[in-house]
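Each remark here refers to the structure printed beneath this line.
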Amino acid sequence: MLGRLFLELGTVILALALVGRAAGRLGITPIPLYLMAGIGLGTVMHLDDTAEKFIHTGAEIGAILLLFILGLEYTSDELRTNLRANRRIGLLDLALNFTPGVVAGALLGLPPLAWVLLGGITYLTSSGIASKILSDLGRLGNRETPTILAVCVIEDVVMAFYLPVVAALLIGGSLLTVGVNLALALTAFGVTFFLAMRYGHVLSRVLNVPSDETLLLGVLGLVLVVAGAADLLKVSAAIGAFLVGIALSGEVAHRARAQIEPLRDLFAAVFFLFFGLQLDLAAVPDVLLPAALLALVTAVTKFLVGWHGAAQAGVQSRGRFRAGTTLIPRGEFSILIAGLGLGLAPVLGPLAAVYVLLTAIIGPVLARFDAALAPRVARVLGG
Amino acid sequence: MVRLEETSLPGVGMRYDFDGRFGKRVGVIVHRDGRREMFVSLREDPDACAQSITLDEGEAEVVADLLGGSTVSRRVGQTMQDIEGLAMDWLPLERGSPFAGRALGDSQMRTRTGTSVVAVMRAGQAVPAPGPEFVLEAGDTVVVVGTAGGVRRAARLLSSGAEH
């Protein structure tokens with residue numbers, strides 16, 4: 001029994017390693033390939049119950065760790081100053097990139113709540129892919145880079161408000177219960193956010209034990225406990241984890257990141273794989289056209305945000321072009337949001353998968369042609 | 001006096017950079033985990049990095065010492081002192097350079113420009129104090145030290161074969 005489970009899990013993880021290597025060769029991010037590996041495995045392999053359950057739980061842990069590490073990335077100081085300094089570009093981003101998803105949801109005849117989900121899917125740039133592009137290509141020192149990072153940070157904060165709201169709305173029920181759930185979720189989120197900002201340093205000190213092993217266990221345990229409690233309060237487990245990440249700062253954040261990152265890499269890969277596994281292949285041809293159109297439109301709107309933001313920062317046209325293209329890829333969070341809405345509108349799954357696949361390819365490919373294309377775009381946009 | 005700009009990179013660290021006297025932007029990113037990333041901008045696109053090298057804390061200290069950091073305050077953010085009359089630059093050796101594939105001695109760099117080649121960077125590795133027989137390759141970065149005018153002439157020499 002155990003032998004079969006290990007065999008299956010090992011095969012799955014090896015398959016992920018293989019596509020990860022392929023992605024490295026091609027110079028693209030592995031996320032879309034993990035998705036495709038999941039789709040492929042779903043068709044050729046029939047996992048038995050235990051393996052399936054394990055992968056499902058692993059995927060949930062992956063979602064939690066993605067958000068936790070995201071929270072760890074930012075100190076509360078950075079969040080505060082960044083929000084203040086980049087309000088305008090953040091609002092532009094929200095208006096330009098949330099709207100296409102909402103409109104598409106309406107045009108596709110989905111239930112209204114699914115419009116909001118689709119809005120989130122098109123809004124959120126993959127900060128994972130963006131920061132990977134920046135560091136892999138040695139672009140951290142570029143002048144447009146602070147703009148790109150600032151947009152990502154604001155999106156992450158918006159996401160932290162968005163997720164609990166959506167989670168509360170998804171529970172549904174009468175208008176009253178929805179209202180109560182919403183209020184409960186926002187209060188819980190607000191209180192925790194306040195506590196994390198205010199007393200994060202205390203928590204950081206308590207958790208910062210000398211032994212690496214104890215630190216890992218302490219942090220991981222806390223993340224899971226808070227995520228579980230948040231889920232029971234209907235706030236969304238991922239947001240609980242995000243808040244723990246925000247609360248931790250200083251040395252303990254640095255050490256925890258080093259220790260949890262490998263776990264995150266493993267479980268996040270499982271998360272994308274699981275999403276692919278669940279996908280109904282028969283539904284893909286139907287969503288191909290809408291996903292392509294949506295990818296096209298939101299590639300343009302996202303590009304405009306990056307271009308405009310970089311222009312404000314005094315960057316020349318080539319840098320503006322790079323800022324625009326780097327923001328195009330959507331990734332982990334779009335998949336996460338689509339996963340939330342599968343019960344409501346199953347079409348969100350394949351739609352988001354194809355959409356993420358397309359945007360994750362369009363962005364990095366376009367970015368390579370900055371010298372050739374930037375002057376033309378500048379002529380059109382008058383830069 | 002060098003005017004240092006300070007920019008926060010959320011999730012990454014801090015970036016310090018300045019517009020160098022020889023037309024290139026030079027900067028250091030202090031990563032959260034203590035790594036130092038040193039970069040120079042591209043000549044034709046000052047917003048982009050042409051080269052960046054990542055150093056750990058110990059290595060960064062060694063480089064700082066080599067650049068004269070021991071006599072200057074090490075704290076970034078404070079004014080840097082420049083040594084009067086001495087300039088240093090990283091010159092990329094482009095594919096079209098007449099010296100790509102030829103020995104360093106052929107350039108007669110010191111005779112013609114008065115500058116010295118102190119190192120050649122190749123594939124992220126430094127070759128310190130290369131001799132005249134050292135063969136340059138396209139893609140190398142040549143580190144030269146000399147007077148400000150000499151360094152400018154060296155840049156022209158490397159790219160076109162003539163210093164004027």
Please get the size of the charge dipole for the range A:261-338, origin at its Cα centre, with Cβ charges of +1 on Lys and Arg and -1 on Asp and Glu, quoted in debye to the nearest 20. 500 debye
Taking a probe of 1.4 Å and leaving out DNA, RNA and ligands, the protein assembly as shown shows per residue an accessible area in Å² of 47 Å²
Among A:Leu92, A:Ile31, B:Ile53, the residue whose Cα sits farthest towards the positive end of the charge dipole of the protein assembly as shown, when +1 is placed on the Cβ of each Lys and Arg and -1 on the Cβ of each Asp and Glu, is A:Leu92
If Lys and Arg each add +1 and Asp and Glu each add -1, what is the summed charge of the other residues whose beta carbon sits under 11 Å from the beta carbon of A:Val315? +1
Working with all protein chains in place, sort B:Asp56, B:Asp47 by solvent-accessible area computed with a 1.4 Å probe, largest first. B:Asp56, B:Asp47
Show A:His46, A:His308 ordered by accessible area, largest first, where the area counts protein heavy atoms only and the probe is 1.4 Å. A:His46, A:His308
Computed Kirkwood radius, in angstrom, where 1/r is averaged over Cα pairs of the range A:34-101: 15.9 Å
Shape of the range A:242-348 from its Cα gyration tensor (a ≥ b ≥ c, root eigenvalues): rounded if a/c is under 1.5, otherwise prolate when a/b > b/c, or oblate? oblate
With all protein chains present, how much of the accessible area of the range A:255-314 (probe radius 1.4 Å) comes from carbon and sulfur, to the nearest whole percent? 70 percent
Here the equivalent ellipsoid of the range A:1-71, derived from its Cα gyration tensor, has semi-axes (largest first, whole Å) of 22, 18, 10
To the nearest 20 debye, what is the magnitude of the charge dipole of chain B about its Cα centre, counting +1 on the Cβ of each Lys and Arg and -1 on the Cβ of each Asp and Glu? 360 debye
Helix-only CD estimate at 222 nm, as mean residue ellipticity for the protein assembly as shown, using -39500 (n - 2.57) per DSSP H run (n ≥ 4): -21000 deg cm²/dmol
Rounded if a/c is under 1.5, else prolate if a/b is larger than b/c, else oblate: which is the range A:183-234, with a ≥ b ≥ c the root eigenvalues of its Cα gyration tensor? oblate
Once you wrap a convex hull around the alpha carbon atoms of chain A, what is its projected area averaged over all directions, in nm²? 19.6 nm²
Output for the range A:218-298 (equivalent-ellipsoid semi-axes, sqrt of 5λ from the C-alpha gyration tensor, Å, descending) is 33, 16, 14
Summed for both chains, how many Å² of accessible area, to the nearest 100, are buried between A and B with a 1.4 Å probe? 1700 Å²
Rounded to the nearest 10 Å², the 1.4 Å probe accessible area of A:Thr192 is 60 Å²
Just grab the label-to-label distance for A:Phe194 and A:Ala372, each label 7 Å out from Cα along the Cβ direction, in nm (one decimal). 5.6 nm
What does the accessible area of B:Arg32 come to, in Å² to the nearest 10, when a probe of 1.4 Å is used? 90 Å²
Starting from the eigenvalues of the Cα gyration tensor, five times each then square-rooted, give me the equivalent ellipsoid semi-axes of chain B, largest first, whole Å. 28, 17, 15
Assign one of three labels to the range A:163-300, namely rounded, prolate or oblate, based on the Cα gyration tensor with a ≥ b ≥ c the square roots of its eigenvalues; rounded applies when a/c is under 1.5, prolate when it is not and a/b is larger than b/c, and oblate otherwise. oblate
Net charge contributed by nearby residues that have their C-beta within less than 15 Å of A:Ala185 (K/R +1, D/E -1): 0
How much length is gained if the chain between A:Ser174 and A:Val209 is pulled fully straight, taking 0.36 nm per residue apart and subtracting their Cα-Cα distance, in nm to one decimal? 7.8 nm
Please give the contour-minus-distance gain from A:Thr50 to A:Leu342: 0.36 nm per residue of separation, less the Cα-Cα distance, rounded to one decimal in nm. 102.9 nm
What do you reckon, how do B:Arg112, A:Arg25 stack up by accessible area (1.4 Å probe), largest on top? A:Arg25, B:Arg112
With springs connecting C-alpha atoms under 10 Å apart, model chain A as a Gaussian network and identify which of A:Leu91, A:Leu107, A:Leu281 has the largest mean-square fluctuation. A:Leu107
For the range A:10-39 and the range A:288-302, what is the separation of their C-alpha centers, rounded to whole Å? 24 Å
Just the accessible area for B:Asp19, please: 1.4 Å probe, Å², rounded to the nearest 10? 110 Å²
For A:Thr11, what charge total do you get from the other residues with a beta carbon under 15 Å from its beta carbon, if Lys and Arg give +1 and Asp and Glu give -1? -2
Simple label model, 7 Å out from Cα along Cβ direction - B:Arg112 to A:Val300, nm: 5.2 nm
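The values are calculated or read from the model by the stated rules, or taken from the named source; none is laboratory data. Note that the structure is a prediction, hence the values are computed from the model and not measured. Neighbour counts run over all protein chains shown; Cβ positions are idealised from the backbone, glycine included. Just so you know, the surface numbers come from the protein's heavy atoms only, side chains and all, with ligands and any DNA or RNA stripped out. Shrake-Rupley method; radii C 1.70, N 1.55, O 1.52, S 1.80 Å.
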